[in-house]
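Working notes, beginning with the structure itself.
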Amino acid sequence: MALFIPNRNGRPVITYMMMLSLLGLAAPCVIFADEMPKESVLSLGAADKAVHAALEACKKDGYRVSVSVVDRAGVLRAMGRADGAGPHTVDSSRKKAYTAVSLRRPTSELADLITKVPTLQALRDMNGDILILGGGLPIEIGGEVVGGIGVGGAPGAHLDDACAQEGLDAIGAASKVPPPK
């Protein structure tokens, strides 16, 4: 038995939902929707704010850097390059951000770790976007890693880290760099 609804011309029409119901497909759609994972998303506004805060922190200290923010999947969300920053800083900042979110750890911590545990050197070769060099921090908000920030171009990894931390502080993300003593 088919259900038909007449259209304006009096001809019978089967609606899409009626077809799904007849085929028994409407109910599974609801079940699958309930099973979908729920994830927080790093907004473009927050990514921009983090980039600008990190750039300003480095500029205040006289460093010309690039800053990149990536989402949880490592895809570029926002990027800024200070006047006079070297061209290599663009790629290094993005790769540091990617590495931090991908491995869910500060890149300085990873650099120390592979020095102490030589068998972990292979981490460097996981893919072409990994850069294990200080300056990349995971962005953790509410206990969830939602992205990564990377800074490249300051004269030292600890300085890149400090500028990246300023970006985290600006958006209320969890601190990843211990405060200076």
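Read the figures in this text as sums done on the coordinates, not as results from a lab. Note that the structure is predicted; figures quoted are calculated from it, not measured. Here the Cβ positions follow ideal geometry from the backbone for every residue, glycine too, while neighbour counts run over all protein chains shown.
Here is the list for region 102-152: trypsin sites (Lys or Arg not before Pro) lying in DSSP coil, each with at most 15 other C-beta atoms within 10 angstrom of its C-beta, are ARG104. Translational diffusion coefficient of region 44-170 (Stokes-Einstein, Kirkwood radius from Cα pairs, 10 °C, 1.306 mPa s): 115 µm²/s. Straight-line reach from LYS60: which lysines have a Cα under 27 Å away, not including same-chain ones fewer than 8 places off? Partners within reach: LYS49, LYS95, LYS96, LYS176, LYS181. Extension gain, HIS158-GLN121: 0.36 nm per intervening residue step, less the Cα-Cα distance, totals 11.2 nm. Compute the label zone of SER43 within region 137-181: residues whose backbone N is under 13 Å from the point 7 Å along Cα-to-Cβ. Hits in region 137-181 for SER43 at 13 Å: 171-172. Going from the residue with the fewest nearby Cβ atoms within 10 Å to the one with the most, MET36, MET126 rank MET36, MET126. Of LYS49, LYS95, LYS59, the sequence from fewest to most neighbouring Cβ atoms within 10 angstrom is LYS59, LYS49, LYS95. In plain terms, the residue of ASP125, ASP112 with the fewest other Cβ atoms within 10 Å comes first and the most crowded comes last, giving ASP125, ASP112.
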